[in-house]
Amino acid sequence: MGRNIRKRRSSMATKAVAASAALALGGGGLIWANFYASAHESNSYGQNQTKAANAAAQVATISCPDVGQKLTNVPNGAKQGVANELANLDKQITEAYARLASTRQAQAGDPGFVQNAIVGPLKEKRAATIDRIRINIQRSGGQFDNSLSQLAACTTQAANNTNAGQNNGGQQQGGGQQQNGGQQQGGQQQNGGQQNNGGQQQGGNGGQAGNGPVASDFVDITKVQANVKAKPGKNGQASNGTFSVSCGVNANKNFNTDNVIVAPGVTNGAHHTHDYVGNQKINAFSSNNNFLQGGTSCSNKSDLSSYYWPVLRLQNGTQEFDQNRDGGGKEGNVGKILTAQQAEIKYVGSPKSKVVAMPQFLRIITGDAKTTTNGLANANAHWSCTGFENKVQLTEQYPICPQGSKVVRSFAFQSCWDGKNIDSANHRSHVAFADGNGNCQNGFKAIPQLTMRLIYNVPAPVIQNGQVKNAYAVDGFPEQLHKPSTDHDDFISITKNNLANKIANCVNNGQRCQ
């Protein structure tokens, strides 16, 4: 299918493949105008652009080992320095991906270009950064795992080797083929302030900014199979209650591109925009010392917890407030930000035991923003449609919902805690999921499980000729190609007036509280 798509390209659309990085970086109209001004030039130029299109098809994105996930112990004195260096690693990948997207024609003319001009220099930068992480840890008396130095090298991923799922007879499959069309789609073009022929451009790796999503990232929800997975059975010690909180849907547009859990003290540490409900003063520079001063959007004013998730965008050509900003259009996160119509936040119990109260300032991240390069081991995305939630919850595809049905994003956080730590070096190992029978393992204790259900009114995408029109996608790191599996959710437990214990008692006593 990919070859036929490329044969049908117009010369105008083919040139857009090479130009896609201008949009991915929030580039101005001048760059686009230069490409389009030569649309009628010689056939040899068109042949070069075809080569560039082929290069775009061969290499989709950059894959780098996630150093942060491999850290097991960071001394307190090294935490800020290590956080800064981990943020530098993310920034280096972002810059390398931008260079990858903007040099398609050079790649077509030189088979060694990507390795020599992009991946090789990136390895050198990463090696120096990892060494600074080593120095920070050892200066503070910690032990550095020298095997981390082997994580400097990055590779490139081909278009058909990313975690794009395909639907086959209602069955979700991993490793689906990615479409790399350069055709123009109907609708409005977002072009750094300019429009080209009134068409929404889908070049490079698809999407309005050239970095996804693509047609294979979507599936008709009516063709997804029913969910037959049984829930763990409950025993006499089960904690059957629920505690619901009402914190709004971020109608007041409290956004930022920070992530105080993963990158404290680093502006734009997330490289994408988050919706925030609950605590209203969370940013990269917030800390345990001032969390309680933030105020809250929750109806229960004792709940100052921070609930935040990547925004969902409709790629319809809208220029949002962050079109020319870091984390937004400059990093391929473009289109209209959609506000959820409902945000249902609830704490539930364990099917096997009573729960203990969450400790103050406990941090939990569920899901993985980097599944395109990390794989699906930590993926915890769940996509569906209202009226169809009895079907398999989608991880690797966005649902196309029928008329009258709405898109649902849901999350079920880790429900087991190590009983000691409010965070860990990799932000994962202090909490865990219960096993298939609902039990916490390795001495972990059950805590109230945070669940969230976000409902959106999203115009249904349309798949035509292997291309997606009217796409929507979750914000993410630019090199992650806006895959559905990269959806994730973040939480910091911040309470006062004994609320944490009240939530645990409610759940343990089988009550329905709010």
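The values are calculated or read from the model by the stated rules, or taken from the named source; none is laboratory data. Bear in mind that the values here come from a model prediction, so they are computed numbers and not experimental data. Neighbour counts run over all protein chains shown; Cβ positions are idealised from the backbone, glycine included. Protein only, heavy atoms only, side chains kept; ligands, DNA and RNA dropped before computing areas. Shrake-Rupley method; radii C 1.70, N 1.55, O 1.52, S 1.80 Å.
Structure notes:
- Residue satisfying all of: in segment 328-347; assigned to a strand (DSSP E or B) and open to solvent by 30 Å² or more (accessible area, probe 1.4 Å); farthest from residue 459 (Cα to Cα) among these: 346
- Selection status of residue 222, over 25 Å from residue 503 (Cβ atoms), open to solvent by 40 Å² or more (accessible area, probe 1.4 Å) and in a helix (DSSP H, G or I): yes
- Qualifying residue in segment 470-490 (condition: over 30 Å from residue 268 (Cβ atoms), in contact (Cβ under 8 Å) with a residue 40 or more places away in the chain and touching a Leu at 6+ places or on another chain (Cβ under 7 Å)): no
- Failed item in (1) closer than 30 Å to residue 82 by Cβ; (2) under 21 Å from the mean Cα position of the chain (by Cα); (3) not polar (S, T, N, Q), with residue 383 passing the rest: (1)
- Odd one out for residue 464 among (1) buried (at least 18 other Cβ atoms within 10 Å of the Cβ); (2) out of contact with any Ser or Thr (no Cβ under 7 Å at 6 or more places or on another chain); (3) among the polar types (S, T, N, Q): (1)
- Residues (farther than 27 Å from residue 78 by Cβ, of a type in the set (Gly, Ala, Ser) and touching a residue at least 24 places away in the same chain (Cβ under 8 Å)) located in segment 97-150: 98, 101, 102, 108, 109
- Residue match in segment 244-257 (condition: touching a residue at least 60 places away in the same chain (Cβ under 8 Å), within 25 Å of residue 80 (Cα to Cα), surrounded by 14 or more Cβ atoms within 10 Å (Cβ to Cβ) and touching a helix residue (DSSP H, G or I) at 6+ places or on another chain (Cβ under 8 Å)): no
- Test: residue in segment 474-494 that is farther than 21 Å from residue 396 by Cα, over 22 Å from the mean Cα position of the chain (by Cα) and open to solvent by 10 Å² or more (accessible area, probe 1.4 Å): no
- Qualifying position, being aliphatic (A, V, I, L, M) and in contact with a Lys or Arg (Cβ under 8 Å, 6 or more places away or on another chain), among 311, 408: 408
- If you go through segment 261-314 and pick out every residue that is open to solvent by less than 30 Å² (accessible area, probe 1.4 Å), under 16 Å from the mean Cα position of the chain (by Cα) and not hydroxyl-bearing (Ser, Thr, Tyr), you end up with 15.
- Restricting attention to segment 421-430, the residues being under 13 Å from residue 442 (Cα atoms) and among the charged types (D, E, K, R) number 0.
- Filter pass, residue 373 being at pLDDT 95 or above and either among the small types (Gly, Ala, Ser) or under 30 Å from residue 211 (Cα atoms) (or both): no
- Here residue 104 clears all of (1) in contact with a Pro (Cβ under 9 Å, 6 or more places away or on another chain); (2) modelled with pLDDT under 95; (3) not hydrophobic (A, V, I, L, M, F, W, C) except the condition numbered (1).
- The residues listed here are 320, 331; of these, the one that is touching a helix residue (DSSP H, G or I) at 6+ places or on another chain (Cβ under 8 Å), without any contact (Cβ under 8 Å) to a residue 24 or more places away in the chain and closer than 26 Å to residue 478 by Cα is 320.
- Filtered residues of segment 468-485 (kept if modelled with pLDDT of 95 or more and polar (S, T, N, Q)): 480, 485
- When segment 265-300 is filtered for residues that are in a helix (DSSP H, G or I) and within 26 Å of residue 326 (Cα to Cα), only 291 remains.
- When residue 401 is tested against (1) over 17 Å from the mean Cα position of the chain (by Cα); (2) closer than 27 Å to residue 305 by Cα, exactly one condition is not met: (2).
- Segment 396-442 - residue that is closer than 30 Å to residue 212 by Cβ and of a type in the set (Lys, Arg) and, of those, least open to solvent (accessible area, probe 1.4 Å): 409
- Test result for residue 457, open to solvent by 40 Å² or more (accessible area, probe 1.4 Å), more than 15 Å from the chain's Cα centre (by Cα) and at pLDDT below 95: no
- Residue tally, condition farther than 25 Å from residue 429 by Cα and either buried (at least 20 other Cβ atoms within 10 Å of the Cβ) or free of Cβ contacts under 8 Å to residues at least 12 places away in the same chain (or both), over segment 355-391: 3
- Segment 102-132, subset open to solvent by less than 30 Å² (accessible area, probe 1.4 Å) and closer than 19 Å to residue 146 by Cα, residue nearest to the chain's Cα centre (by Cα): 126
- Segment 463-514: number of residues that are assigned to a strand (DSSP E or B) and of a type in the set (A, V, I, L, M, F, W, C): 7
- Among the residues listed as 489, 423, 435, the single one being touching a Pro at 6+ places or on another chain (Cβ under 9 Å) and under 30 Å from residue 300 (Cα atoms): 489
- Residues of segment 133-142 that are part of a helix (DSSP H, G or I) and surrounded by fewer than 21 Cβ atoms within 10 Å (Cβ to Cβ): 134, 135, 138, 139.
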